[in-house]
Amino acid sequence: MFRNALHLSLALVLLAGWFSTSSAQEEKKEQPPPPPVPREDYREFFRRPETPQDFWRAIRFELEVGRPDLAARLLRAMIEKKPDDKDLLDIEEKEGISSFLRLLTIPQWDKDPKVNEQAKKDAQELVERATAALKSHLGDPGRIKRLIANLTGDPDERAYAMKELYRSGAAAVPHLIEVLRHAEGAERYAILSALPKLSRDIEPPLMAALDIEDPALRVELIEVLHRRGAVDAVPYLWYFSASPKQPERVRQKATAALAYLLNTPPSKLPSAKVALAKEAERYYNHQVAFVDPRAVRVWRWDGERLVEGWPPKATTVPASKAEEYYGLRFAGQALDLDPTYQPAQVVFLSIALEKAVEQAGFDQPLAWGAPEVGRLAATVNPELLTAVLDRALNERRLPVILGAVRALGDLADVRAARPMSEGTPALVRALYYPDRRVQLAAAEALLRIPGLREAPAPARVVEILRRAAALDPAAKQPPKVLVGYFNADVAAKVAEAVSQAGFQPVLVQTGRQVMHRLSEAADIDAILIESELPDPGLSLLLGQLRADSNVGRLPLLVAVPREREGRVRSLTTGYPNVRLVPATLVLDADGLRQALGAVIADSGSPPLSEEERRRQAEKALSWLARLARGQVRGYDIRPAAATLLSVLRESKLGEEAITAAIEAVGRLPGAAAQIELANVVLDAGKPGRTPALRTIAAQELARNIQQYGPALPAGMVRALEEMGRQETDAGLRSAVAVVLGSMRPDARLTGERLKSFTPSPFPPEVPAKEPPPEKEKDKD
């Protein structure tokens, strides 16, 4: 009975369930289906980030599950929260600074370019803030001093202090050294025991601390470097191992450390001065690699404390300044051991000149751009400067060559024009170095040397002056590019692209025209030619360019079709100043701008500025005038005649430069010189033709006529006569009269001139002279 009742109950329950399910299904069918659930909807169950730590955990999670787009939004929100240093240091302590740096490795945060760019900026900002916070924390002086004090505490304190000092690295060394200088007993022992166990970052400041004038401390620091196996300390130990200024115990300790670090018996160690000079050579030859060439950390002892940076206000310096500091340091130590050691002298002065020219600029004389180095060069033996120049010419070190040539020019010592041994003097070799700045500086240096029995390379000097005088700096011009294309239509399109790229194109159609244009003036900054340029063809043209001392190092771009690239590349092998570019690139202004800029930068000689062009032209004209007047004997300026005449016709240089050109032309024979001088006298309407300048031209014309005889056309003579009657400037009118008088007129012409003279009805007005001051009467 009970069993039947139970079965009935179960049946009723099941039946009710079926009805309820059926009705629910019916209701479900009547309702529309819900929208699809987004993939990230499950994140609504996460706790919303509030603190920087929360945001950081969420960012890491999204990056791990492959959603950098969501991580970018969280990163933006975290930046807007402006986390302080404490928050960032909390994250760094748990996960390390590398966890922040990984943000910079994300290739793409979001497909939206704006969102992606913002995320990259946010990542960079967060990394910089975290890095700055960590650096400030690790370098906090108060924190470091507490850690140093804990080195003498209980074992737990010592362990924690060692761990944190290890993290602080180089920043802890100045404080450790400061305490060590005054510490005694257990405190001194604790610091000396800790130093060998700290990170490698402490070695550069430890090496700088060797300069502290405390022999006992120096011995202890050498021992620390010895125990650390610090091979990088070897250059710092040579001087202390050999200097007679050091106590014996310092020399012995340094020698023992060198023997250990170099794995060489003390008796077989090289001479300290030789080793130091070689170390300086490594910096001079750019053979020392720096972790970050843009920001090198230089540690120094400034006489009171260890400081980072050189000069003191700069905590980091570029690689070039670091090379200067260390190169001069080690070369100077070699000279302290032996002041007469020439290899050290040469490398020391070479480094000083190179860095001075690089810093001051290629266009600045040493006296202006680097006066300290200029004064140094003025006090050394000219033979040392000549040795420096000779070596730099062999190695093609342009800044050193330029600095040495200018320094020799300032000295004006006759020994500079003599060869060091058999061969050509270094200054004469510099005349043929393929750089226009060097050539003009060398020519000036030779012209300044008094007492030379014979002018060295006179024709070459005049040619250099001629090419410099031919520069036209009148208008602001971009760097000039010589464009060589045979097809005129293609050449016009290439010239347009060159112009749009920011350069001034100069068009030629053959290789022969390339060489001719380059010989006219030293105003071309780069060359762009097609590989098929005819007459004489690429192979012969490259040989001619390299052999030409004027332009052998000009940067050259060769446009090559893809199918000929291999063959042309084989022709240009061994030409460091030549670069191949695709033939299609020459029509792309942006591509040309990059290619020409790169090849000019690689040449090591920046283009001449407008101001430098002007100065070079003025210098050249001044020297040509002095040569023409015979102030420097042994030079014939006639090869520069065409350029000088062109300057009078076309140049817009200042009055002083044009005056020099007039004086030089006045010494040239022939009708062309007299005609150009007469044009200056007659050309009153041309800008810059002042009465004073025209008077000088008239005086030079009269002198030329008297020396070489009259050669002016009759029409120009009549024009001068007419001008003489109408000119209002008394000085110019008198000078023109002298010109006409120097024509050696015959009796008939003389009579005609006398007959045409008409006196003025009134005497010319003469300015009244002030009466002389009355003499004081004698006092009674």
Which members of the range 482-523 meet the condition of being closer than 18 Å to Thr584 by Cα and touching a Phe, Trp or Tyr at 6+ places or on another chain (Cβ under 6 Å)?
Ala491, Val494
The range 249-269, residues that are open to solvent by 70 Å² or more (accessible area, probe 1.4 Å) and outside any helix (DSSP H, G or I)
Asn263
Does the range 193-213 include one or more residues that are under 21 Å from Pro247 (Cα atoms) and among the small types (Gly, Ala, Ser)?
yes
Report, by residue number, each residue of the range 500-518 that is assigned to a helix (DSSP H, G or I) and open to solvent by 50 Å² or more (accessible area, probe 1.4 Å).
Gln500, Arg512, Gln513, His516
Checked Arg375, Arg329, Arg300 against criteria (among the charged types (D, E, K, R) and not in a helix (DSSP H, G or I)); the one match is Arg300
When you check Ala497 against the structure, is it at pLDDT 90 or above, open to solvent by 10 Å² or more (accessible area, probe 1.4 Å) and in a helix (DSSP H, G or I), yes or no?
no
Pro687 - would you say it is open to solvent by 30 Å² or more (accessible area, probe 1.4 Å), within 26 Å of Thr728 (Cα to Cα) and touching a Leu at 6+ places or on another chain (Cβ under 6 Å)?
no
Looking only at the range 165-214, filter to residues that are in contact with a Pro (Cβ under 7 Å, 6 or more places away or on another chain) and either of a type in the set (S, T, N, Q) or open to solvent by less than 10 Å² (accessible area, probe 1.4 Å) (or both); which one of those is farthest from Pro235 (Cα to Cα)?
Val173
The condition of being in contact with a Leu (Cβ under 8 Å, 6 or more places away or on another chain) and closer than 30 Å to Gly169 by Cα holds, among Leu75, Leu104, Leu126, only for Leu126
Six or more apart or on different chains, Cβ under 9 Å: which pairs go from a residue in the range 119-138 that's free of Cβ contacts under 8 Å to residues at least 40 places away in the same chain to one that's of a type in the set (Gly, Ala, Ser) and assigned to a helix (DSSP H, G or I)? Could you list them?
Lys135/Ala171; Leu138/Ser168; Leu138/Gly169; Leu138/Ala171; Leu138/Ala172
With respect to Ala642, determine if the residue is under 38 Å from the mean Cα position of the chain (by Cα), free of Cβ contacts under 8 Å to residues at least 24 places away in the same chain and open to solvent by 50 Å² or more (accessible area, probe 1.4 Å).
yes
Across the range 215-248, what is the number of residues that are of a type in the set (D, E, K, R), in a loop (DSSP other than H, G, I, E, B) and crowded, with 16+ Cβ neighbours inside 10 Å?
0
If a residue must be hydroxyl-bearing (Ser, Thr, Tyr) and either open to solvent by 60 Å² or more (accessible area, probe 1.4 Å) or at pLDDT 85 or above (or both), how many such residues does the range 568-625 contain?
4
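Matching residues to (1) part of a helix (DSSP H, G or I); (2) open to solvent by less than 50 Å² (accessible area, probe 1.4 Å); (3) within 24 Å of Leu402 (Cα to Cα):
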residue: Arg282; (1), (2), (3): yes, no, yes
residue: Phe290; (1), (2), (3): no, yes, no
residue: Pro293; (1), (2), (3): no, no, no
residue: Trp368; (1), (2), (3): yes, no, yes
Name the helices (runs of 4 or more DSSP H) wholly within the range 47-131 that hold at least 1 residues that are charged (D, E, K, R)?
52-64, 68-80, 85-95
Anything in the range 304-349 that is under 23 Å from Ser243 (Cα atoms), polar (S, T, N, Q) and surrounded by fewer than 19 Cβ atoms within 10 Å (Cβ to Cβ)? List them, or say none.
Thr340, Gln342
Identify, by number, the condition in (1) closer than 30 Å to Lys619 by Cβ; (2) surrounded by fewer than 21 Cβ atoms within 10 Å (Cβ to Cβ) that Glu532 doesn't meet.
(1)
When you check Thr386 against the structure, is it open to solvent by 30 Å² or more (accessible area, probe 1.4 Å) and hydroxyl-bearing (Ser, Thr, Tyr), yes or no?
no
Just to be sure I understand the filter: pairs with C-beta atoms under 7 Å, separated by 6 or more residues or on different chains, first member in the range 565-581 and part of a helix (DSSP H, G or I), second member of a type in the set (Ser, Thr, Tyr) and open to solvent by less than 40 Å² (accessible area, probe 1.4 Å). Which pairs pass?
Val568/Ser531
Would a scan of the range 104-122 turn up a residue that is closer than 30 Å to Lys163 by Cβ and crowded, with 16+ Cβ neighbours inside 10 Å?
no
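The values are calculated or read from the model by the stated rules, or taken from the named source; none is laboratory data. Please read these numbers as outputs of a predicted model, since none were measured by experiment. When we count neighbours, we look across all protein chains shown, and the Cβ atoms used for this are built from the backbone with ideal geometry, even at glycine. All accessible areas refer to the heavy atoms of the entire protein, side chains included, with ligands and DNA or RNA removed. Shrake-Rupley method; radii C 1.70, N 1.55, O 1.52, S 1.80 Å.
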